[in-house]
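Working notes, beginning with the structure itself.
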Amino acid sequence: MSVMNHTNAGCPVEPDTVSAVKLAREFRLVIECARRCAHSEVRCNEGLPLADIDWEMLISTARRHRMIPWVYRCLRACPDEEAIPSKVREQFRHLTQQIAMRSLLLTGELLRVLDVMRVDGIRAVPFKGPVLGALCYGDPSLRECDDIDLLVPTEEVWRATELLQAHGYDFWIPSTRGDQERLLRMGWAFAFAHRRTRIHLDLHWKFTASGFSFPFVVEGLWSRLKPVQLAGKEVLSFPPEDVILLHCVHGAKHQWERLEWIYALSGLVRSNPCLQWDEVLMQAQQLRAERMLLLGLALTRGLFDTELPSGIRQRIEQDQTIESLVSQAQMRLVSDEEAPILEAQQYAFNFRMRESWRDRVRYFFYLLGLKMTPTAKDHEAIPLPAALSGLYYAVRPFRLVGTYGLIPLMRFFKVLRSV
């Protein structure tokens, strides 16, 4: 069935999923500002809901969700200057400038690293970070970024690693060659930090761990690369159909805990009106990630009025688990609970996103192996001779219970009851 049929063309859809969670006034204002930036031609003459706003809370919320530039754009254009304290306007302006400067710094470093890789004959493709800002918003300075992400073929990881080290990068966490070889077999990226600038760079050969059950074949990407304009230069990145799916998988993996991720997805859809939706959906089905895709699209439609094809909307409505996951993701957006509890919720959330019991079982054992593997803290807490190091596997479950109690585990199984 084709999903290319659109309705309500040119008119924002009223949010139909955001009402599931009671949101703070300041959080709603952040969302409203972002909507106006996306649909200014429709909403620019309407008054902003500024009554009884806690301005410090608004700044804190916008910072946490990486939405400072969009809130500032909206407040700056507000005709009622007296309704917004000048100190607040100035703080938003200053933070927006800082974000733009940081983004431009990362963009410049990304272009430098790509040039170095190209000269040495290494295929490297940027994703997330500044290039996602260019794809979603047409301007990387509007997206607050933490680091640089590059994908290289697996067979070129060691050459790329040596090249990065020769140009100022070291492993973020010091490790032996044996540790690195194990990570190459079982992981998906090396984390580096520049010695002088402290810029972080993640060198990927996969997008997720194998246990995450997203069997994306990286080798097939190299023939589908498309040019993207980044700071006046042309770089190769993934086509929008791949970017949307990869972005939805990344957001789902982290329970869509950051509002900007959802807004970036909205920008991807809006800036690519000729998207091959049938291709996106078919690839998601082949990779057993249809629910991850639909969840992200449901969130961006509900929160930011993103127009979707009727066929996509129908599939969202047909999957009864989506509505529950949308509500859980919204609660995560506004949650202030402790990290261990949130971590348990996130694992249960990822478990429910799996579309088959095979993937659920695989993910469960992936988590079990992840959590039962001894860490440096275990070695520090109970020093054992090398001959008895195997005992750390027996001790670790007790250390986890002693540190966090049983609340995270109880929360995990409570959420799973609704599967």
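The values are calculated or read from the model by the stated rules, or taken from the named source; none is laboratory data. The structure presented is a predicted model; accordingly, all values stated were derived computationally and were not measured. Methodologically, a virtual Cβ is constructed for each residue, glycine included, from the backbone with ideal geometry; neighbour enumeration extends over all protein chains shown.
Restricting the stretch 172-212 to residues that are of a type outside the set (A, V, I, L, M, F, W, C) and under 17 Å from the mean Cα position of the chain (by Cα), which is modelled with the lowest pLDDT? Among them, the one singled out is 208.
When residues in the stretch 317-338 are screened for being buried (at least 22 other Cβ atoms within 10 Å of the Cβ) and within 25 Å of residue 272 (Cα to Cα), 1 of them pass.
From the set of residues in the stretch 347-375 that are part of a loop (DSSP other than H, G, I, E, B) and under 18 Å from residue 284 (Cβ atoms), which is modelled with the lowest pLDDT? By that ranking, first place goes to 356.
Across the stretch 140-158, what is the number of residues that are farther than 18 Å from residue 172 by Cα and out of contact with any strand residue (DSSP E or B) (no Cβ under 7 Å at 6 or more places or on another chain)? Show your work before the answer.
Initial filter on the stretch 140-158 (farther than 18 Å from residue 172 by Cα): 140-144, 152-156.
Subset that is out of contact with any strand residue (DSSP E or B) (no Cβ under 7 Å at 6 or more places or on another chain): 141-144, 153-156.
Residues in the stretch 140-158 being farther than 18 Å from residue 172 by Cα and out of contact with any strand residue (DSSP E or B) (no Cβ under 7 Å at 6 or more places or on another chain): 8 in total.
Total residues in the stretch 67-109 satisfying the condition of being closer than 19 Å to residue 38 by Cβ and in a helix (DSSP H, G or I): the figure is 12.
Inspect the stretch 173-180 for any residue being touching a Leu at 6+ places or on another chain (Cβ under 9 Å) and either surrounded by 17 or more Cβ atoms within 10 Å (Cβ to Cβ) or within 21 Å of residue 326 (Cα to Cα) (or both) and give the result as yes or no. Working first, answer last.
First pass over the stretch 173-180, keeping only residues touching a Leu at 6+ places or on another chain (Cβ under 9 Å): 175.
If we keep only those that are either surrounded by 17 or more Cβ atoms within 10 Å (Cβ to Cβ) or within 21 Å of residue 326 (Cα to Cα) (or both) as well, we get none.
For the stretch 173-180, residues touching a Leu at 6+ places or on another chain (Cβ under 9 Å) and either surrounded by 17 or more Cβ atoms within 10 Å (Cβ to Cβ) or within 21 Å of residue 326 (Cα to Cα) (or both): absent.
Inspection of the stretch 222-245 finds a residue satisfying the criterion of being crowded, with 16+ Cβ neighbours inside 10 Å and either over 21 Å from the mean Cα position of the chain (by Cα) or more than 26 Å from residue 206 (Cα to Cα) (or both).
Scanning the stretch 124-155 for residues that are more than 24 Å from residue 198 (Cα to Cα) and in contact with a helix residue (DSSP H, G or I) (Cβ under 9 Å, 6 or more places away or on another chain) returns 135, 136, 137, 138, 153, 154.
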